[in-house]
Structures are given as C-alpha cells and as structure tokens.
Amino acid sequence: MSYFQSKQVSAKSLQTVREQVEELLKKEGFGILTEIDIQATMKKKLDKEYAPFLILGACNPVFADKVLQIDPQIGTLLPCNVVIREIGSEKYDVSVMDPKIAMAVVNNPEIERFATEVREKLMNVLRGLN
C-alpha cells in the first residue's frame, strides 16, 4: 500500500486546480492551515528552478480533535498534506497523503479507525476532481 494517492487533471492553471481542491476539501470538513510554495522556496533558497508546486496542509478539526484527545503527540503527524504540482502543459498531479499509512506507526486501533475515515474523505476529494 502506498503512502499517498494521486490523480492527474487538466486545467488552465495551478490556481484553477487549487480552487477546486480547496472547494472539495471544504465539502469534506477540511481547511487549509499551511501552504508551502516549493517553486518560490527553491528559487529563493537554492536558486533552483521548479515547476509550480504547492504543498497544502489540510486539517479536519473534528478528526484532529479526536486523535489529539487520544494522543497529544499525534500532532507530529498532522496536518494532512495535499500536493498540487504541474507535470506538463495544463497538466497537474494532485496527491494526498494516506493518513491510514501515516497513523499506522502509532499502533492504536482507535486512531487507525479515525485515520480510515479521514482517508476516505481525502479520496472523495481526489474522486471529485475533473
């Protein structure tokens, strides 16, 4: 089993894909807590060129609260990352982490149950992309 799931989409811009991803995340109860612009960061820090590439830190506060109540150290595995990167002319890859795989290291069946639910919500986001 892979540590991520992904889907390739066609769109006019990364911003178009991002808006669709954020709308689908919102429908599943997620908000965006963090954003890392890999293209800008690598240019600034290493003077290296990258295609457009964003990492969005998505959080579903209901599920975050549930797992933090069980194990406060689980914060080291939060939030759920969603990656949007350009892979060609008007082609983008959208990848989501698999929380079930990430949380398996905790070895707690109650947390794994919640991770399975979050995984399904993130898969709904990928399925909703067109």
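A few comments on the model shown:
- The fraction of accessible area contributed by carbon and sulfur in the chain is 52 percent, rounded to a whole number (1.4 Å probe; ligands and nucleic acids excluded).
- Candidate cross-link partners of residue 12 among the lysines, defined by an alpha-carbon separation under 17 Å and a same-chain spacing of 8 or more, comprise 91.
- CD proxy at 222 nm, helix term only [per DSSP H run n ≥ 4: -39500 (n - 2.57); per residue of the chain; nearest 500]: -13500 deg cm²/dmol
- Where GluC sites (Glu not before Pro) fall in DSSP loop in the stretch 55-114, at most 14 other Cβ within 10 Å: 90
- Modelled label reach - residue 3, point 7 Å along Cα→Cβ, the stretch 91-113 residues with backbone N closer than 14 Å: 96-106
- Relative contact order for the chain, counting Cα pairs under 8 Å that sit 6 or more residues apart, in percent: 33
- Against the chain, whose longest principal axis is taken from its Cα atoms, helix 61-70 shows a tilt of about 40°.
- All C-alpha pair distances within the chain, sorted into 10 Å bins from zero, spread as 12, 42, 31, 13, 1 percent across the bins.
- Normalised convex hull volume, the stretch 1-47, alpha-carbon set, Å³ per residue: 140
- Computed on the Cα atoms alone, the convex hull of the stretch 18-92 gives a volume of 93 cubic angstrom per residue.
- Counted residue by residue at 0.36 nm each, then reduced by the alpha carbon distance between them, the extension gain from residue 46 to residue 87 reaches 12.7 nm.
- The stretch 58-130 pair-distance distribution - Cα-Cα, 5 Å bins, rounded %: 3, 15, 27, 22, 13, 9, 6, 3, 1
- The modelled label-to-label distance between residue 104 and residue 12, using points 7 Å beyond Cα along the C-beta direction, is 4.2 nm.
The values are calculated or read from the model by the stated rules, or taken from the named source; none is laboratory data. Since the model is a prediction, treat every value here as computed from it, not as a measurement. Every residue, glycine as well, gets a Cβ built from its backbone with ideal geometry; the counts of neighbours run over all protein chains shown. These area figures cover heavy atoms from the full protein model, side chains too; ligands, DNA and RNA do not enter into them. Shrake-Rupley method; radii C 1.70, N 1.55, O 1.52, S 1.80 Å.
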